[in-house]
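Here's the structure we're looking at; comments come further down.
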Amino acid sequence: MKKIILIIIYSVFWRNFLKIFIGLSYINNKSLKNKKQFILIANHNSHMDTMAIMSAIPSKYIHKVHPIAAVDFFGGSTVKKFLMRYLVNATLIKRDRNDPNNDPIDSMDKMVKKSRSLILYPEGSRGTAGVMTNFKKGLAYLIQRNQDVNVIPVYLENIYKTLPKGKKLILPYNCSIRFGDPIKFESYELEDILTTSEKALKKLII
Amino acid sequence: MNKIFNSIDLIPEIQWVIAIILMILVIATTLFWIWGMIKPSKLVDEMQIRTRSWWIMCSIFVFASVVDPVITYLALGFLSFLTLREIYSLLSLRETDRSVLFFCYLSIPIQYFLAFKGYYTLFLIFIPVFMFIIIPFLLVLTGETKDIIRTMCILPTSLMLGVFGISHLALLINFPEMNSNGVSGKALLLFLIFITEANDIMQFVWGKIFGKHKILPKVSPNKTWEGFIGGVISTAIIGYFMGFLTPLNSWQLILLSGSIAIFGFMGDAIMSAVKRDFGVKDMSNAIPGHGGILDRVDSLSTTASPFFHMIYFIILSA
């Protein structure tokens, strides 16, 4: 049931809306087709980012892909939580790691171990428009624990212009979503993971 | 589906044009295919991609022009929308302009509705008079005056090119004077688009073969006097032979086609200058081999309204 709802929302509605009305072009999204599990890392400037990525995912396993969202921003009310859970398929996590019983890395790790795919914005939150900031360490911890999972960089170009931070009106703007090849990590040291993945994402900027 | 095709009453002239378009495409495709087999080069590859895009554009166009007029209106409105989107994506406007852009997009359905209803005067003045005043005022309302004059100039101009110009194509379809006394709006629409695109191709071909003396060396190095003059003359000749689509006599046809060629050249040159200013070669890569939507419709947006008003003048004075 959830799968059907997600397919209608993303593979049918958002994909066509973004393609025809907004002017989004999908580049190399075929590379996701024969991968069962992946962690997508993307730059983050707008709420449209999640819609764009979700609409690019093959409908066959869209129900197994979970965008990661911060509970303090999106989990405000019960209604919001419900919408995030069923309409966005999101997993809500805490931003800080103070509580050892409720570690966000653990909950993400659990999802990956259940062979779920994740969408991560390693910059943390929607930064300044068009500027990429340094990645947070959480991504590296997650990759360290799941070394065999494909990590695919996704570059979202100009998508923030259709719905900039703090604006409510969605306007068309020619933009693109570009999928890279799975990142090959040479070492799984914390710093190396971060620099390699940052480099891989920046390589997609043309 | 039946309802859509019910309204097809293809007059023989239109059938002829469709046959001619099909023939040209088939000839061009085989020609470039053989040429590519014998002597592969970059130019041939580009021409093959271009021809493939022509196939798609022609089929969309032929389909849109033979089905129900409502669909033709929607298709042309969508073309205007794509043009505006391309302009606004390229010209980095201020973030405060966003809310005003919404009203620019909103003017598309209004303009096409006026065309559909045939409110001639309102159609004519909606953008050059009303939007010309309303858009700058809306910009003033945002309160941000830094660089406001740039946006104040860009937005009405983009509406004139992308909406006002192209919507004249739609006006041709069921404008009363254009659809009586043996005149068919659809045939005139076909004539205009055929002439405009033939002019583009002819200028390109003449320029490629004989081009030596640059006409606009600083703006567009591809445009030459040879291409321009050859284009105007051959467009006038093509127009003369396509005259069966129109109610005009021979010298009217030649003058009209010649001036359409000149207007088309102007549109092309204007957009070249804009692209040069922004340091891009093509507006986008929406149509393989041609560039963006605007790279293809730039000449149409400047030929449509002059064509309409010249024809209207001739029909009225006849």
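The values are calculated or read from the model by the stated rules, or taken from the named source; none is laboratory data. Computed from a prediction, not measured in an experiment: that's the story for all the values here. For neighbour counting, all protein chains shown are included, and Cβ atoms are generated from backbone atoms with ideal geometry for every residue, glycine included. Side chains are part of the model used for accessible areas, which takes the heavy atoms of the whole protein and leaves out ligands, DNA and RNA. Shrake-Rupley method; radii C 1.70, N 1.55, O 1.52, S 1.80 Å.
Couple of notes before you dig in:
- Checked against (1) more than 14 Å from chain A (Cβ to nearest Cβ); (2) charged (D, E, K, R); (3) touching a Gly at 6+ places or on another chain (Cβ under 6 Å), B:Lys42 passes all but a single condition, namely (3).
- Within the range B:290-303, residues that are modelled with pLDDT under 80 reach partners that are of a type in the set (Lys, Arg) and open to solvent by 10 Å² or more (accessible area, probe 1.4 Å) with beta carbons closer than 6 Å, at six or more positions or on different chains, in the pairs B:His290/B:Arg296.
- Cβ-Cβ distances below 9 Å connect the following pairs, each with a first residue in the range A:14-34 that is free of Cβ contacts under 8 Å to residues at least 12 places away in the same chain, a second residue that is assigned to a strand (DSSP E or B) and of a type in the set (S, T, N, Q), and a separation of six or more residues or different chains: A:Lys19/A:Ser25.
- Count of the range A:59-74 residues which are touching a residue at least 40 places away in the same chain (Cβ under 8 Å) and either touching a strand residue (DSSP E or B) at 6+ places or on another chain (Cβ under 6 Å) or not aromatic (Phe, Trp, Tyr) (or both): 9
- Helices (runs of 4 or more DSSP H) wholly inside the range B:46-129 that include at least 3 residues being within 14 Å of another protein chain (Cβ to nearest Cβ) and open to solvent by less than 20 Å² (accessible area, probe 1.4 Å): B:69-90, B:98-117
- Within the range A:16-46, the set of residues being open to solvent by 50 Å² or more (accessible area, probe 1.4 Å) and more than 14 Å from chain B (Cβ to nearest Cβ) comprises A:Asn28, A:Lys30, A:Lys33, A:Asn34, A:Lys36.
- Residue within the range A:133-145 that is within 14 Å of another protein chain (Cβ to nearest Cβ) and under 30 Å from B:Ser284 (Cα atoms) present: no
- Leading residue by the ranking (surrounded by the fewest Cβ atoms within 10 Å (Cβ to Cβ)) among those in the range B:136-163 that are in contact with a Ser or Thr (Cβ under 7 Å, 6 or more places away or on another chain) and closer than 30 Å to B:Thr196 by Cβ: B:Leu161
- Residue match in the range B:142-151 (condition: outside the structural domain of B:Pro247 (by TED's automatic domain parsing), on the phi > 0 side of the Ramachandran plot and small (Gly, Ala, Ser)): yes
- Counting only strands (runs of 3 or more DSSP E) wholly contained in the range A:104-179, the ones carrying 1 or more residues that are of a type in the set (S, T, N, Q) and open to solvent by less than 20 Å² (accessible area, probe 1.4 Å) occupy A:117-120, A:175-179.
- Unique match (being farther than 17 Å from A:Asn174 by Cβ and assigned to a loop (DSSP other than H, G, I, E, B)) among B:Thr145, B:Thr151: B:Thr145
- Extreme residue, modelled with the highest pLDDT, among residues of the range B:22-45 that are open to solvent by 90 Å² or more (accessible area, probe 1.4 Å) and within 24 Å of B:Asn285 (Cβ to Cβ): B:Trp33
- The set of residues in the range A:104-137 being farther than 24 Å from A:Thr196 by Cβ and of a type in the set (D, E, K, R) consists of A:Lys110, A:Lys114.
- Number of positions in the range B:243-266 that are within 18 Å of the chain's Cα centre (by Cα) and touching a residue at least 40 places away in the same chain (Cβ under 8 Å): 8
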